[in-house]
1. So which trypsin sites (Lys or Arg not before Pro) in the range 234-269 pass both tests, a DSSP loop state and at most 11 other Cβ atoms within 10 Å of the Cβ?
2. Would you mind calculating the relative contact order of the range 45-113 from Cα pairs under 8 angstrom and at least 6 residues apart, reporting the percent as a whole number?
3. Take peptides 185-195, 54-64 and line them up by average Cβ neighbours within 10 Å, highest first, as a rough protection proxy.
4. Using the Cα centre as the reference, give the magnitude of the dipole from point charges on the C-beta atoms of the range 199-307 (Lys, Arg: +1; Asp, Glu: -1; all else neutral), rounded to the nearest 20 debye.
5. Percent relative contact order of the range 229-289, based on C-alpha pairs within less than 8 angstrom and at least six residues apart?
6. Express the relative contact order of the range 119-195 as a whole percentage, based on alpha carbon pairs under 8 Å and six or more residues apart in sequence.
7. Where nothing but the Cβ of Lys and Arg (+1) and of Asp and Glu (-1) is charged, how large is the charge dipole of the range 119-195 around its Cα centre, in debye to the nearest 20?
8. Among Val95, Leu81, Val62, flag the residue with its Cα farthest along the positive direction of the charge dipole of the range 45-113, charges on Cβ as +1 for Lys/Arg and -1 for Asp/Glu.
Amino acid sequence: MAKTITRAAALWIFLFMQASFVGAQQSGSPVPNAAPPLKIGSGDLIEVTIFEDPTLSGHYRVDENGDVTVPLIGRIHLAGLTAEDAAKLIEKGYVDAEILQPDEAHATVFISEYATQGIVVNGEVKSPGVYPALGIRTLNDVITAAGGVTQAAASKVVITHRSDPSNPTIVEYNPEALRPIIPNVQVFPGDTVMVPRAGLVYVIGNVNKSGAYVLDGRRVLTVEEVMGLAGGTGRGASLKRVQLVRTFEDGRKEAITIPLNLIYKGTAPDVALKDGDIVYVPTGTGKFAAEQALTSALQIGTQIAIYRVGAF
């Protein structure tokens, strides 16, 4: 009997310690703030249900003045109210009009569509648009709902809050990094999430993997580095006359000759690249390399492959 009691006590202590450990883990996890109650706005579609008389139920669009017109009562101003407060106001309207008895008036309001209070997601996401703000929504939630970021997305996301539009929040967001950066940031109804386009450096011509390489601002890409990302040059490439096409603020493009052969040997300085730069590797003697580079630069379209640099 004593052994049984001892075993039971030991088991109880073990379970108690496990529960305490799990509780400590859960309490240490960041918990997002509770979502504020959503309020009805102009253009929203609401669903009103009157349990005592289904004929009084229906769907109503809030007009530009914030009003809806309900059967037997007429116009009621609902803009700025929560769904719960709107239901109480409709109940009161039917009671005051002596259509329903006070102890029998039971109404519910459900906001079917938010015309102005969704979360806008735009920029470098696959499906920009307005997304519902029901419940607690995090930054990752809404970006995932928008299809995720594109290959050209920067690693910084701008969140503009409807309550404070002059002070946007900028956060790091890069789920595809070697060490993913996914901040636990909450977004609210009316917020706008903007995913900016990252800088791009183009490598074209006689290279093994031509395309656009993301220049994300957290490191600098040089000519030698981007040539490594492009898999090096192809057979017959002219390393002496590699062209760097740079676009200036006035829109003018200029081709600059880069001695890639000397950069490889360490006898010429490497060149840091800027957003929009185009590295063109000619074939052969490259007599008209500059003209070919400028022509190719003008022909770069949206179908070119985009590569993110794995070292970010």
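1. Working: sites: Arg235, Lys240, Arg241, Arg246, Arg252, Lys253, Lys265; in loops: Arg235, Arg252.
The qualifying sites are Arg235, Arg252.
2. Numbers: 103 pairs, mean separation 26.7, N = 69.
With pairs under 8 Å counted, the relative contact order is 39 percent.
3. On the way: 185-195: 20.5, 54-64: 14.0.
Sorting 185-195, 54-64 by mean packing, highest first, produces 185-195, 54-64.
4. Working: 12 positive and 10 negative charges, 72 e Å.
Roughly 340 debye, rounded to the nearest 20.
5. The value is 45 percent.
6. Relative contact order here is 40 percent.
7. Details: 5 positive and 6 negative charges, 10 e Å.
For this selection, approximately 40 debye.
8. Val62
Throughout, read-outs are computed from the coordinates displayed, never taken from laboratory work. Small disclaimer: the values here were computed from a predicted structure and weren't measured. Here Cβ is always computed from backbone atoms with ideal geometry, including for glycine, and neighbour counts include all displayed protein chains.
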